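Visitor: Would you mind keeping the following structure in view while I ask a few things?
The values are calculated or read from the model by the stated rules, or taken from the named source; none is laboratory data. Since we're looking at a predicted model, the values are computed, not measured. A quick note on method: Cβ atoms are made from the backbone with ideal geometry, for glycine too, and the neighbour counts reach across all protein chains shown. Note: areas computed on protein heavy atoms with side chains; ligands, DNA, RNA excluded. Shrake-Rupley method; radii C 1.70, N 1.55, O 1.52, S 1.80 Å.
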Amino acid sequence: MNPKTDLRNLTQEDLVCYVESLGQPPFRARQIMSWLYRPGIVEFSQMTDLAKKFRSILSENAYISSFKDPLIQRSKDGCVKFGFLLSDGKLIESVLIPEPDRNTLCISSQVGCAMGCSFCLTATIGFTRNLLPSEIVNQVCAVGDYLREQPKSKLIGPARVTNIVFMGMGEPLNNLENLIKSISILTEQRGLDMTNRRITVSTCGIASKMKELGEKTDVNLAISLHAVDDDTRNSLMPVNTRYSLADLLQACRDYPMAKRKRIMFEYVLLKGVNDSDENARDLARLLKDIPCKINLLPYNESPGLPFKSPSENRVYVFQKIVRDLGYSVFIRTSRGEDISAACGQLAKQKLSEERNA
Ligand code: SAH
């Protein structure tokens, strides 16, 4: 463990306390913050508006972490999967999903995942640890650097990350404190200056933690619903035995959010499990008093897992039924499957461990 303080773990507020602990006035925190996330800033000597003496105090006590030399895999469809090596040798993944008008980055919140969803490959590697705020934010910084370094002709979208989804490895609400700090850094004007509107946190349904997220941030919320009755949901998602559908939907109704906002419900379509006409009607009935939109995800099949994807026609019929009952329903087309970068396919650690075994 590095005994120095990694300043990228600190929100602006934390940084104020930190500079005060070094005997400095609070405005130094704003000065430092406005340098910390500028591309190419790696050491304190570059922070030219700080007194030399203070810069050397900082170098003695603190450092600025970053991810270097990511493993990079490019998909035929333009998606790019990044593997980042953490300081303790663990590996995490992020997926860049470029479109002409935006670059969405899917980031991880934990090493592995403890939730054990039976259809998800990440679940098979189990849980190792929470990510620090710096490890969450550095995924965004590193992919920003990658985009800036690409020749214009190679870019599908803008030369920066415009949208963030916490849909990579891990359950973000089980790492709530660090999640909230990372969101603060991502949205802080002197940090990465992104808007809350373009950040989405996805949860498998930790109902007891949702309120705090809504009170402390203004990001979009996505719920991995995937089933419309407790029996089916229990069998797919062990979390449902702790927070039933009724608990989860009540937490959604109680979720503190701005008037025009809507909760995004994600529904993975699994052939013969949750994709019938009746399931579609039940889905509409369940969500009837929640301002929401629905994303249908045809299942990405993974070797070793027993689930199948429904036919294209089944997906369209399911969508039509829910749509005709008054909902905005989208089908999320899968991307990055050829490099195992699609939803539920992030399990790099397991693959590389197996290779080394
Ligand atoms: N733990 C959080 C964040 C992960 S988001 C959550 O569960 O919401 C990843 C999304 O992909 C979740 O909705 C997950 O249920 C879904 N998913 C997992 N495996 C999948 C697969 N093989 N095909 C399609 N979606 C999958």
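Visitor: For the stretch 22-44, give me each residue that is assigned to a helix (DSSP H, G or I) and open to solvent by 60 Å² or more (accessible area, probe 1.4 Å).
Guide: Selection gives F27, R30.
Visitor: Condition first: open to solvent by less than 20 Å² (accessible area, probe 1.4 Å) and away from the ligand (no atom under 12 Å from the Cβ). Now tell me which residues in the stretch 224-234 satisfy that.
Guide: Within the stretch 224-234, just V228 meets the criteria.
Visitor: Out of all the residues in the stretch 133-154, which are loosely packed, with under 15 Cβ neighbours inside 10 Å and either within 16 Å of the ligand (Cβ to nearest atom) or outside any helix (DSSP H, G or I) (or both)?
Guide: Result: Q150, P151.
Visitor: Going residue by residue through the stretch 6-17, is there one that turns out to be in contact (Cβ under 8 Å) with a residue 12 or more places away in the chain, open to solvent by 50 Å² or more (accessible area, probe 1.4 Å) and either aromatic (F, W, Y) or assigned to a loop (DSSP other than H, G, I, E, B) (or both)?
Guide: no
Visitor: Let me ask something else about it. Return the pairs, sorted by first residue and then second, in which the second residue is open to solvent by 30 Å² or more (accessible area, probe 1.4 Å) and more than 9 Å from the ligand (Cβ to nearest atom), the first residue lies in the stretch 108-124 and is under 13 Å from G304 (Cβ atoms), the beta carbons are less than 6 Å apart, and the residues are 6+ apart or on different chains.
Guide: Sorted first by the residue in the stretch 108-124, then by its partner, the pairs are A123/G116.
Visitor: Quick one: would you say S59 is among the small types (G, A, S) and assigned by TED's automatic domain parsing to the domain that holds R38?
Guide: Answer is yes for this residue.
Visitor: From the list M167, M237, M257, which one is aliphatic (A, V, I, L, M), on the phi < 0 side of the Ramachandran plot, near the ligand (Cβ under 10 Å from one of its atoms) and open to solvent by 20 Å² or more (accessible area, probe 1.4 Å)?
Guide: M167
Visitor: When you check T162 against the structure, is it β-branched (V, I, T) and more than 30 Å from Q250 (Cα to Cα), yes or no?
Guide: yes
Visitor: Something else now. Across the stretch 108-124, what is the number of residues that are in contact with an Asp or Glu (Cβ under 9 Å, 6 or more places away or on another chain), open to solvent by less than 40 Å² (accessible area, probe 1.4 Å) and either among the small types (G, A, S) or part of a loop (DSSP other than H, G, I, E, B) (or both)?
Guide: Residues meeting the conditions: 4.
Visitor: Take P306 and tell me if it is surrounded by fewer than 18 Cβ atoms within 10 Å (Cβ to Cβ), in the same structural domain as F166 (by TED's automatic domain parsing) and within 15 Å of the ligand (Cβ to nearest atom).
Guide: Against the criterion (surrounded by fewer than 18 Cβ atoms within 10 Å (Cβ to Cβ), in the same structural domain as F166 (by TED's automatic domain parsing) and within 15 Å of the ligand (Cβ to nearest atom)), P306 qualifies.
Visitor: Give the residue, chosen from P310, P306, that is more than 24 Å from the chain's Cα centre (by Cα) and either closer than 19 Å to R335 by Cα or in a helix (DSSP H, G or I) (or both).
Guide: P310
Visitor: For the stretch 263-277, state whether one or more residues are open to solvent by less than 30 Å² (accessible area, probe 1.4 Å), under 15 Å from D324 (Cβ atoms) and either among the charged types (D, E, K, R) or touching a residue at least 12 places away in the same chain (Cβ under 8 Å) (or both).
Guide: No, that holds for no residue.
Visitor: Within 12 Å of the ligand (Cβ to nearest atom), open to solvent by 10 Å² or more (accessible area, probe 1.4 Å) and without any contact (Cβ under 8 Å) to a residue 24 or more places away in the chain: does that describe P298?
Guide: Criteria not met by P298.
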